[in-house]
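What follows is a set of notes on a single structure, which appears directly below.
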Amino acid sequence: MSEKDGFNPLTIGATLRLGADSLRQAGVEEADADAELLLLYLLGMSKADLLMDWREPMPEQKRGAWTEMLARKAAGEPVQYIIGEQYFYGRRFEVSAAVLIPRPETELLAEAVLAIGDRLWPSGTGATGPVVLDVGTGSGALAVTLAAERPEWRVMASDLSPDALVMARRNAETLGVAERVTFVQGDLLTPFMAATDGGADAYPPIDILVSNPPYIPSADIPGLQREVRAHEPHLALDGGEDGLNPYRAMAQQLQSLRAVPRVVAWEVGAGQAEDAAALLREVADWSDIRFVKDYAGIDRHVMAVRE
């Protein structure tokens, strides 16, 4: 039936409202926001474009893809996996079910590391920038961001998952820093330890260690939001019985590196900051150990510094 026959094609605005309603009925908590993100991606437009084209007809050729996207979201799949991207520190990162979705609070960790790095290794002095290691790099969000923000820094990124490293490398290439980031497969600090074959000689001493490791207590995994529990990689979520296993392991391994880093910066779970700091105090005499709060006022990052 044509418009002459009285058919009124569904507008973009109506399409969005109906899509949000269907997600709400499926139990999606962020139905309006998720539907908007999906539609903006599908139509390749900005929010401003959406408002201007609100009464325009929904493109017929996009209806099938829209229905499929809504079905995936209704089944609990994160929007970021459906569209294959997430922005971090102003840059677009490719993501998939192989990696944890970068969170806004981790941007605060990047900011804190950049600030302390600038203080300890000021640019313009002719001194060599620090060697930074991002442990458990996942999508490469932290490592790539630090390399992009500070071209004079030498960055390494490690992960136990080969699939995660493939994606991290791809993001580094897309964002133009692949030549300045070294990717290493291995469990936490094991590849860099003196006891590892070639470990002490294959890589330079680490000045800044940054990590956002798995920190969810195992018993808490079943109670996580459906999108996280059912779709994000448990390897990047499960921190053991109390969520502190990765921190214990890294604290022990620090003493087996060529030298203890001058800065250790960890993202931690709610209520874990004091315990993580205690682990670091057993390793070295730090000039300062402080916490960085996230947007909810939770002590989310532990920063240990040796002046």
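What follows draws every value from the coordinates through simple rules; no lab data is involved. Note that this is a predicted model, so its numbers are computed, not measured. Glycine gets a Cβ as well: all are built from the backbone with ideal geometry, and neighbour counts include every protein chain shown.
Residues with amide H under 5 Å of Ala157's amide H, sequence separation 5 or more or different chain, H placed in the peptide plane at 1.01 Å from N; which?
Close amide H contacts, sequence-distant or interchain: Asp134, Thr182, Phe183, Val184.
Please order Ile101, Ile116 by the number of other Cβ within 10 Å, starting at the fewest.
Details: Ile101 22, Ile116 19.
Ranked by crowding around the Cβ, least crowded first: Ile116, Ile101.
With θ set to phi - 60°, apply the Karplus curve 6.51 cos²θ - 1.76 cosθ + 1.60 along the range 138-154 and write out the HN-Hα couplings as whole Hz, x wherever there is a Gly or Pro.
Values per residue, Gly and Pro as x: x, 6, x, 3, 5, 4, 5, 4, 5, 5, 6, 6, 10, x, 7, 7, 9 Hz.
Looking only at the chain, where both bridge partners belong to it, what percent of the DSSP beta bridges are antiparallel (to the nearest 5)? Kindly include the intermediate steps, with their values, before the conclusion.
Details: 16 of 35 bridges.
So the antiparallel bridges in the chain amount to around 45 percent.
Mean residue ellipticity at 222 nm from the helices of the chain, using -39,500 (n - 2.57) per DSSP H segment of n ≥ 4 over the full residue count, to the nearest 500 deg cm²/dmol?
Rounded to the nearest 500, it is -11000 deg cm²/dmol.
Going by C-beta contacts inside 10 Å, put Trp54, Trp153, Trp266, Trp66 in order with the fewest on the left. Mind showing how you got there, number by number?
Numbers: Trp54 12, Trp153 23, Trp266 27, Trp66 20.
Going from least to most buried by this count: Trp54, Trp66, Trp153, Trp266.
Out of residues 5 or more away from Glu85 or on other chains, whose amide H comes under 5 Å of its own, with H placed 1.01 Å from N in the peptide plane?
Val95
Could you derive backbone 3J(HN,Hα) for the range 22-39 from the dihedral phi with the Karplus parameters 6.51, -1.76 and 1.60 (θ = phi - 60°), listing whole Hz in sequence and x where the residue is Gly or Pro?
5, 5, 4, 5, 7, x, 6, 5, 9, 4, 5, 5, 5, 4, 5, 4, 5, 5
Suppose each label sits 7 Å from its Cα in the direction of the beta carbon; what would the Glu56-Glu274 distance come out to in nanometres?
About 5.6 nm separates the two model spin labels.
Let me know the whole percent of all Cα-Cα pairs from the range 249-294 that are separated by more than 17 Å. List each step's numbers first, then the result.
Working: 311 of 1035 pairs.
Percent of Cα pairs beyond 17 Å in the range 249-294: 30.
Among 180-190, 40-50, what's the highest-first ranking by average C-beta atoms within 10 angstrom per residue? Walk me through the numbers before you get to the answer.
Numbers: 180-190: 18.1, 40-50: 13.7.
Per-residue Cβ counts within 10 Å, averaged per peptide and sorted highest first, yield 180-190, 40-50.
About its Cα centre, how strong a charge dipole does the chain have in debye, to the nearest 20, once Lys and Arg get +1 and Asp and Glu get -1 at the Cβ?
Working: 28 positive and 46 negative charges, 78 e Å.
So the magnitude is around 380 debye.
In what sequence do Asp299, Asp53 fall when counting other Cβ within 10 Å, fewest first? Could the numbers behind the result be given before it?
Working: Asp299 19, Asp53 15.
Ascending number of Cβ neighbours within 10 Å: Asp53, Asp299.
Express the C-alpha Rg of the chain as a ratio against the empirical globular expectation 2.2 N^0.38 Å, rounded to two decimals.
Working: Rg = 22.3 Å, N = 307, 2.2 N^0.38 = 19.4 Å.
Expressed relative to 2.2 N^0.38 Å, the Cα Rg reads 1.15.
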